[in-house]
Structure formats: structure tokens, C-alpha cells
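The values are calculated or read from the model by the stated rules, or taken from the named source; none is laboratory data. All of these numbers come straight from a predicted model, not from anything done at the bench. With ideal geometry, Cβ positions are generated from the backbone for all residues, glycine too; neighbour counts draw on all protein chains shown.
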Amino acid sequence: MSGGPSVAGTGTLIRAALRRDRWRLPLWIAGGAALVATQSVSSQALYDSPQDLAAYEASVGSNAASIALAGPPVGLDTVAGAVAFEISSFVILVAALMAMFTTGRHTRGDEEAGRTELLRATRVGRHAPLLAAVAVSALACAAMVPAVAAAGVGTGLPAGGSFLLGASVGAGALVFTGITAVVAQVTASARAVYGMVGGALGIAFVLRAVGDVEGSWVSWTSPIGWAQATHPWSDDRWSPILLCLLVTVGLLAAAGALLDRRDLGSGLLAARPGRASAPPSLASSLGLAVRLHRGALLGWAVALGLLGLVYGGLAGSVETLFADNPEARAFLPDSGSLVDAYLATTLSINALLAGAYAVSAVLRARAEESVGRAEPVLATATSRAAWLAGHGVVALAGASLVLLVAGAAIGAVRAVDTGDGGEFSRLLSASTAYLPAVWVLAGAAVALFGLLPRSASALAWGAVAYVAVVTMFAASLDWPGWVDDASPLAWTPLAPVEEWSAGALAGLTALAGLLLAAGVTGFRRRDLVPG
Amino acid sequence: MTSVISISGLVKSFGTARALDGLDLDVAAGEVHGFLGPNGSGKSTTIRVLLGLLRADAGSVRLFDGDPWRDAVGLHRRLAYVPGDVTLWPGMSGGEAIDLLGRLQGGLDPARRAELLERFELDPRKKARTYSKGNRQKVALVAALASDAELFVLDEPTSGLDPLKEAAFQEEVRALRAQGRTVLLSSHILAEAENLCDRVSIIRRGRTVQSGSLTELRHLTRTAMTVETARPVPGLAELPGVHGLRSDAGRMRFDVDTDALDAVVGCLAGAGVRSLTSTPPTLEELFLRHYGDAEAEGAGPAAGAGGVPAPAARS
Ligand SMILES: Nc1ncnc2c1ncn2[C@@H]1O[C@H](COP(=O)(O)OP(=O)(O)OP(=O)(O)O)[C@@H](O)[C@H]1O
Ligand SMILES: [Mg+2]
């Protein structure tokens, strides 16, 4: 990206973007810092004696399952090192998602909405929108550094390591700023950008999981692996940060070069011509919803199926998990066999992810409304209830499918590993226990859509984040009971450890039904609200 | 004649901003009704209330003798709508969008669809992401015009069309009228409204300021005249209905109230008329009178005579 007129107007664009993101970015940053602070408090409470810590190191440090989820098992002889081990992968994921959405929104998102065209017609240079988007995302990544450092220091962890952890998070996210900038040049839709970068993030996560479990070089193929290779509070290495910065610079140069080779509004991948007339299935609001959701649903189903295979494969090495550390078992339900306890945890993670899918699918309805695509449909003989039901049915059925696919994948691997075919149906049916909790999340999103359309997106994602945090930390922190009770997963029997309880599940299903009805009623009574 | 749309005293606020402030609109069956007003005057908002997409705060709104808020689905079967700002599904082709909207509305005629695609030169295989504004508008137009609706609600349907397609559009609207269908056409393009509309309603700041047939509305403004006579015309300036008389080297220019025309012509008859041009008021003048602020109210006809060259070309 050369200087001069091609970047004219960058400063103005940066200020405008920061203004647009003035709530979003602080929330992402505060969320990342809050994860570190919560983990720090929780770990210090759990491993307050040297014996506890030694037991923790012995069990967790050699366990494939937790290494696959967390990171390289180093520095586990100090509480601070344990914090870095437990939480760094999640914080890096959060920061990378922030970078992806920020960069994507201000590049391809704006271009797709036609805002870039408007700007480029003024005295804004060719490279200015890309440069501004990257600058804003980089600022947000940089802000992660002091935020995470403050969370560590504020909860009593040593300052040097806290700062290095923050720098690792920021540097890892910066690489995803670069990846998003490149992908945004290649494809012509913002949705596809998020899909492809999200896929890259998933691959990066799996590569580092494989490398960390095997203790091999494979971790070094993943930007998340680089960010974790700093080993805060133990080896304190800064060189991986430099690697992240260098790669980012290379990616940004590539993005700039690609931008020079394409036209505004188009991608490098040419759009194929479509059909001249619609297939018979595209004749109802449900048909429309299926058409709009099918790509994303397929992506989620494949991703959760693969995750299920990984989870299932790791189950065998769980026998040693937490064997000597009763307090650490607070993370897992405390009855039944250890393997089943592990499986129950993976099933609730599946439920969380399926809930996230459900919320994203319901919010698609809100996106349709806010860009004005609901209007022509609702001006036909399509009722509001039918239109919303189209999206709602896909969200509920799709989330159920995603959850069961993941459960079936776990069950299939277990059946092969144990040679007991009954494992498949046992784990598939255990998965069904989590369906009502997923439906409650979908119902909450529908209710928010109907009643509070303008804040539906923020509040619905807030609900998902809430359930995630409560599920991760409830067992280890001394929260008042209602904090836990407000999560639908708290009322879900943790199958296969706990018994399937018809009462709780019927209650959750009824709640989901009420929320759906409230949403439909609210939508039928309100104005159509543009973005 | 029966009313297809009748709105009276319609009020709609967004927060503290009043978008519609007691608006009236009456559209009779079988007519093409122009719905005119400056940016932000409330045309699209009125149409959204009429379609049950927004709920009225006050006033009465009847569509085919139904309530558009409560009976939306039943009423929508009988109408077709082209939004002012057409957004389509980026990954869907234009042809798919046309079929989808047509089927949801109750089915469309395949022969008509093919004819309209040809007429508007629209490639139905292109993905909506790659369509220009005009092409997106054509998608909505084809879907609407290929349907068998009784009422067509068109919100600035030609703002992105080139002149040839605009002419094709005008022919289509005339054909609809010949078939006895009703059209509500919101527009900024005066020539279009003058060409197509039986009646127009002009709104400003959420209120109807004029409504009627073009002939009726012309009565409300003045005709501009330029006359050369052999002899002076005494008393012309004093004649009721004559305004702003200026003469220079035997040429007189003045404006005449439409109902004083006869008297003026009678008075000129004895003075040896050498040349006479008379330009009837256009919508443009009506527009200027109602769009311009209060000061334009007094100077209205003069502004029309002095500042708008268009009418002579068209009369
Ligand atoms: N959903 C909304 N929320 C807030 N204000 C709105 C909303 N919709 C319209 N308005 C306001 O109501 C007023 C009327 O807008 P409307 O779109 O009806 O005007 P219009 O006559 O169609 O204008 P144009 O000719 O530019 O299309 C404007 O001031 C607009 O800003
Ligand atoms: Mg409008």
C-alpha cells in the first residue's frame, strides 16, 4: 500500500469506524479481559496449596483432552501458569473473532452495502477503506494488551507474564486481521468472508490441538500456536510475537496487492451465473428460509460433526483425568465414571454451540428486516407469523440437527473404540437431553426479535455468552444461586451421567414455547424497523 | 366511483419526529393516481402504512374496504408492490427473485414474465449482487407487472431506469389503466406524472396540500401570456385576475388567473393582436408553489412564468 492520494481520507474513515464501533469494540475487549480475570480468581481458589497444584500438574498436564482444548502444558507448577494454560486459547479465539468481524465489517461488509462506492466517489483514495479497517482492527487488538494485562495484575498475577499474555492475545488476533483483509479481497460477500475466516480459525485451532497433544512442530503451523508459544509466566518468550507481526505485515501487503487487481464490489472469485427461474421449492416463506440458511447450516453441521469426532477420540485418554485432584473435579459432574463425566461436558459444549447456531439463525430474520428484504415479502400474501416461522423452524430444526450430528459423531467413535455398538445409541439419546436448552436459547432470540428488534442482536448474543460463562465457571466460583439458575443448561440433566428427567425437560420445552409465542405476538404488533 | 384507497387524517410518528401529520389520500378504482412530494415528505411512509408494514398512530386507512393492519394478508393478494429502494438476496438470481415474489403474491403469468423480461432487457440469470440499481428495480417491476393484481402500488419505480425503459414503463402503466386496474404512483418526475396520471395528490411535510385532476389543479394556478398588439390595451392592468404586467416595446407579459382568461382575451380582441403565446401551468409550477417555502406562496405564478422553460416545449 503506497502512500499519497491512494490513502487520502484514511483518517476520516478511521474516526467514522471508531464511532460506529464505539460500543462493540469495548464489549469484545472487556469480554476477553473478563475471561482472564474470572479464570485467575477461579484457579487461585482451586489450587491454593502446593499439593493441589502438584496434583493438578500431574493429571491435567498429561491429559490429551484438556491439552487439546487448552494449549501446551507448560508452566503448570505455578497458579499463574495454570491460568495461562486454561484460558489463553479461549481469549485468543475471542480476540481473533473480534478482529475478523471488525476487519470484515469495514471492508467487504461496507463494500457489499454500497457504502464504499459512495465514499470512493468522494475524495477517498483507493486503499483508504482497507487501510482504515485494518487500522481500527489493529487498534482493537492493541487495546487487548493492556486490558488483559490489567485483568491479570488486578487479580494478583505477576505483572511481566500478565503483560506477555496480553501481547500474545493481541498479536494472535492481529494475524487474523491480516487473514480477514486478504479473504475480503477474494470473495464478494461479507457472509462468505466470515465463513472462510471462521473456517481458518477452526483449522488453526485443530492444528494447534494436534501439535500440543503430540508435542510436535504442528503447533507452529497455527497462528494460535504462535500466540501460545510465548509461555507467559514460565519461559516468557517474546520472539513468537515478532513472528505474528511479520506474518501480519506480509498478509496486509498481499491484501493491498489483491485490491489493486480487482474492481470495486467484485471479488477475485468470479460469480457464476444463476438459474433463470426459481426451483419449485422456492415458493413459500419456509422455502425462502431454507434457501437462505442452507449454506450456513451445512457449515455448522460439518464443523460440529468434526468436533464430535475429535471429542469422541479423546474420550479414551480421560481415565486419568483429574484422578488425584478432587477439587478440580468441580469442573465436571461428580458422579458416574470419569469418561461419562467427560462426555457430559462435551455434550454440554455441543449444546452451547448448537445454541449459538440457533441464535445466529434467528438473527438472520432481523438482518433480513433491517436491510429491507423483509418488506417486499411481507407486502405479498405472506403473513408476519408465516415469515417469522420460516426462519424459526429452520433455526430450531437446524440447531437440533447440529446437536444430534455432533452427538452421533461422538457416539460413533466411542462405538468403534469400545467395540460396543450400544454406545452409539446411548450417546445419541443422551444428546437429546440437551435439545430443550437449545430451544430455550432459540426462543429467547425470537422473543427479543419480536419485542426489542433494535437491541435483539446484542442481547441474544449476550445470552449465549452468559450461558457459556456460567457453564464454564459456575462449578468453581461462589456465585449466588440465581446466576446459575438463569441458564437453561443448569436445568438440563447432564446426560449421560444424570438421568433423563422428563419434568425438567418438559419445563424447558414449555418455556421455549412461551418465548416463541411472545416473539411472534410481538412481531405481529410492531412496525417493521429498518437497520 | 368506488375508492380503492381512502386515507384521512393519518398520523405517524417515529419517536418525536412526526413523519405524517394528518395526511389525506383518496384513490378511485381504475385511476392512475400520482403521489407527489419532496424528499422526506412521507410518501414511502404512507405506502408502508397502506401495506400494513407500519401501524398508524391516528386517522383512518381503508384499502379495498379493509383495514390494512388487520387484514394484511387477504388484501395483499389483490395488490402488487414495488418498493422505492429495492434490496434483493445477493446470492439469488433475478429470475429466482421474480418467481419467489410472484409465487408468494399468488402466482404470475409465465408468458407475461417472459415478455416483460424482454421488454426491460433484464438478464434473469445474473446474481442480484451484480445488479445495478436500475436492474434491481426492474426485478421488482417485472414481478409486480406479471401478476394479476387489481392495485399496483409503485414507490418511485423509475428512479433508476434509463429513458427507453422509462418509456416502456409508461406504456405498461397505460395498458394497466386500459384494463381497468388502479395504480398509485409515487414520483419525483413531473413529466411522468403529467403523462400518466388522472389525478395527483401533492404532499408536503406529512400533509396533503393539493389533490385533484390536473385540470382542477391547473385552475389553482395562472397561465403565463406574452402578447404583441398594434395598439395599447387600456385597462388591462386593472382587469381582475391579471398579475405582474410588464411591457417593453409593445410586448406585454403577464399572468392570468385561469378563470379570468375569457375576460382578458375579450379585452385584447379590439387591440390588434400580432402575436400571442399562452403557456398553461404545469405540475412543475404546482410543485414550486407547494414545495417552496411561504415566500413562494405569493410569488408563485411569477416564479412559474419566469423560471420554468419546460411548459412551452410541451404544450
Ligand atoms: N423507520 C423510521 N424511523 C425514523 N424515521 C423515519 C423512518 N421512516 C421514515 N422516517 C422519516 O419520516 C420522514 C418521511 O420519510 P419517507 O421515507 O416517507 O419520505 P419520502 O417522501 O418517501 O421521501 P423520498 O422522496 O426521499 O423517498 C422522513 O423525515 C424520514 O426521515
Ligand atoms: Mg420514499
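Being more than 14 Å from chain A (Cβ to nearest Cβ) and more than 28 Å from A:ASP110 (Cβ to Cβ) is a property that does not hold for B:GLU118.
Just one of the listed residues (B:VAL139, B:VAL173) is buried (at least 17 other Cβ atoms within 10 Å of the Cβ) and within 12 Å of chain A (Cβ to nearest Cβ), and it is B:VAL139. Looking across the stretch B:92-114 at every residue that is small (Gly, Ala, Ser) and surrounded by fewer than 17 Cβ atoms within 10 Å (Cβ to Cβ), the one that is farthest from A:ALA276 (Cα to Cα) is identified as B:GLY106. Within the stretch B:197-216, if we keep just the residues that are of a type outside the set (Gly, Ala, Ser) and touching a Gly at 6+ places or on another chain (Cβ under 7 Å), the residue that is nearest to B:LYS138 (Cα to Cα) turns out to be B:CYS197. In the set (1) surrounded by 23 or more Cβ atoms within 10 Å (Cβ to Cβ); (2) part of a helix (DSSP H, G or I); (3) within 26 Å of the chain's Cα centre (by Cα), A:GLY71 fails one condition alone, (2).
If you check every pair at least six apart or on different chains, which have Cβ atoms under 9 Å apart with a residue in the stretch A:278-294 that is at the interface with chain B (Cβ under 8 Å from one of its Cβ atoms) first and a residue that is of a type in the set (Phe, Trp, Tyr) and not in a helix (DSSP H, G or I) second? Final answer for the pair search is A:LEU288/B:TRP89; A:ARG291/B:TRP89; A:LEU292/B:TRP89. Checking each residue in the stretch B:18-34 for being farther than 21 Å from B:GLU192 by Cβ, within 16 Å of ligand 2 (Cβ to nearest atom) and away from every other protein chain (no Cβ under 14 Å) picks out only B:LEU23.
Number of residues in the stretch A:117-157 that are without any contact (Cβ under 8 Å) to a residue 12 or more places away in the chain and part of a helix (DSSP H, G or I): the value is 2. On the stretch given as the stretch A:211-241, residues that are touching a residue at least 60 places away in the same chain (Cβ under 8 Å) and among the β-branched types (Val, Ile, Thr) total 4.
Going by the structure shown, is B:VAL86 within 16 Å of ligand 1 (Cβ to nearest atom), at the interface with another protein chain (Cβ under 9 Å from one of its Cβ atoms) and in contact with a Lys or Arg (Cβ under 6 Å, 6 or more places away or on another chain)? Taking the combined requirement at face value, the residue satisfies it.
Return yes or no: is B:GLN137 more than 16 Å from ligand 2 (Cβ to nearest atom), under 25 Å from B:GLY40 (Cβ atoms) and of a type outside the set (Asp, Glu)?
For B:GLN137, the condition - more than 16 Å from ligand 2 (Cβ to nearest atom), under 25 Å from B:GLY40 (Cβ atoms) and of a type outside the set (Asp, Glu) - is not met.
Among the residues of the stretch B:240-298, write down those that are among the basic types (Lys, Arg) and at pLDDT 85 or above.
Restricting attention to the stretch B:240-298, the residues satisfying the condition of being among the basic types (Lys, Arg) are B:246, B:251, B:253, B:274, B:289.
Listed by number, the residues that qualify are B:ARG246, B:ARG251, B:ARG253, B:ARG274.
Of all residues in the stretch B:36-63, those that are touching a strand residue (DSSP E or B) at 6+ places or on another chain (Cβ under 7 Å) and more than 10 Å from ligand 2 (Cβ to nearest atom) total 14.
Being on the phi > 0 side of the Ramachandran plot, more than 14 Å from chain A (Cβ to nearest Cβ) and either surrounded by fewer than 21 Cβ atoms within 10 Å (Cβ to Cβ) or within 16 Å of ligand 2 (Cβ to nearest atom) (or both): is that true of B:GLY15 here? In short, no. Restricting the first member to the stretch A:510-526 and to residues that are away from every other protein chain (no Cβ under 14 Å), and the second to residues that are not small (Gly, Ala, Ser), the beta-carbon pairs closer than 6 Å and six or more apart or on different chains are A:LEU511/A:VAL440; A:ALA512/A:TRP439; A:ALA512/A:VAL440; A:LEU516/A:VAL446; A:GLY519/A:VAL446; A:GLY519/A:PHE449; A:VAL520/A:LEU388. Examine the stretch B:115-134 for a residue that is buried (at least 19 other Cβ atoms within 10 Å of the Cβ), more than 16 Å from the chain's Cα centre (by Cα), within 16 Å of ligand 1 (Cβ to nearest atom) and not in a loop (DSSP other than H, G, I, E, B), and state whether such a residue exists. Taking every residue of the stretch B:115-134 in turn, none turns out to be buried (at least 19 other Cβ atoms within 10 Å of the Cβ), more than 16 Å from the chain's Cα centre (by Cα), within 16 Å of ligand 1 (Cβ to nearest atom) and not in a loop (DSSP other than H, G, I, E, B). If you go through the stretch A:482-530 and pick out every residue that is away from ligand 1 (no atom under 16 Å from the Cβ), farther than 20 Å from A:GLY355 by Cα and part of a loop (DSSP other than H, G, I, E, B), you end up with 4.
With a requirement of 2 or more residues that are touching a residue at least 12 places away in the same chain (Cβ under 8 Å), within 16 Å of ligand 2 (Cβ to nearest atom) and in the same structural domain as B:PHE14 (by TED's automatic domain parsing), the helices (runs of 4 or more DSSP H) lying completely within the stretch B:151-253 that satisfy it span B:190-196.
Over 20 Å from the mean Cα position of the chain (by Cα), at pLDDT below 95 and crowded, with 24+ Cβ neighbours inside 10 Å - does that describe any residue in the stretch A:195-208? Within the stretch A:195-208, not a single residue is over 20 Å from the mean Cα position of the chain (by Cα), at pLDDT below 95 and crowded, with 24+ Cβ neighbours inside 10 Å.
Would you mind stating whether B:LEU88 is modelled with pLDDT of 95 or more and crowded, with 24+ Cβ neighbours inside 10 Å? Spell out how you get there, then give the answer.
On the way: modelled with pLDDT of 95 or more: no; crowded, with 24+ Cβ neighbours inside 10 Å: yes.
No, not satisfied.
Give the stretch A:214-234 a look and list any residue that's part of a helix (DSSP H, G or I), of a type outside the set (Ser, Thr, Tyr) and more than 21 Å from A:VAL79 (Cα to Cα), or say none. The answer is A:GLU214, A:TRP217, A:VAL218, A:TRP220, A:PRO223, A:ILE224, A:GLY225, A:TRP226. Close contacts from the stretch B:35-47, counting a first residue that is within 14 Å of another protein chain (Cβ to nearest Cβ) and a second that is outside any helix (DSSP H, G or I) and within 9 Å of ligand 2 (Cβ to nearest atom), with Cβ to Cβ under 6 Å and a gap of 6+ residues or different chains, come to B:SER44/B:GLY84; B:SER44/B:ASP155; B:ILE47/B:ASP155. Of all the residues in the stretch B:48-83, those that are without any contact (Cβ under 8 Å) to a residue 12 or more places away in the chain and within 13 Å of ligand 1 (Cβ to nearest atom) number 2.
Total residues in the stretch B:19-33 satisfying the condition of being within 15 Å of ligand 1 (Cβ to nearest atom) and in contact with a Lys or Arg (Cβ under 7 Å, 6 or more places away or on another chain): the figure is 5. Among the residues making up the stretch A:472-490, those that are surrounded by 19 or more Cβ atoms within 10 Å (Cβ to Cβ) and touching a Leu at 6+ places or on another chain (Cβ under 8 Å) are A:PRO488, A:LEU489.
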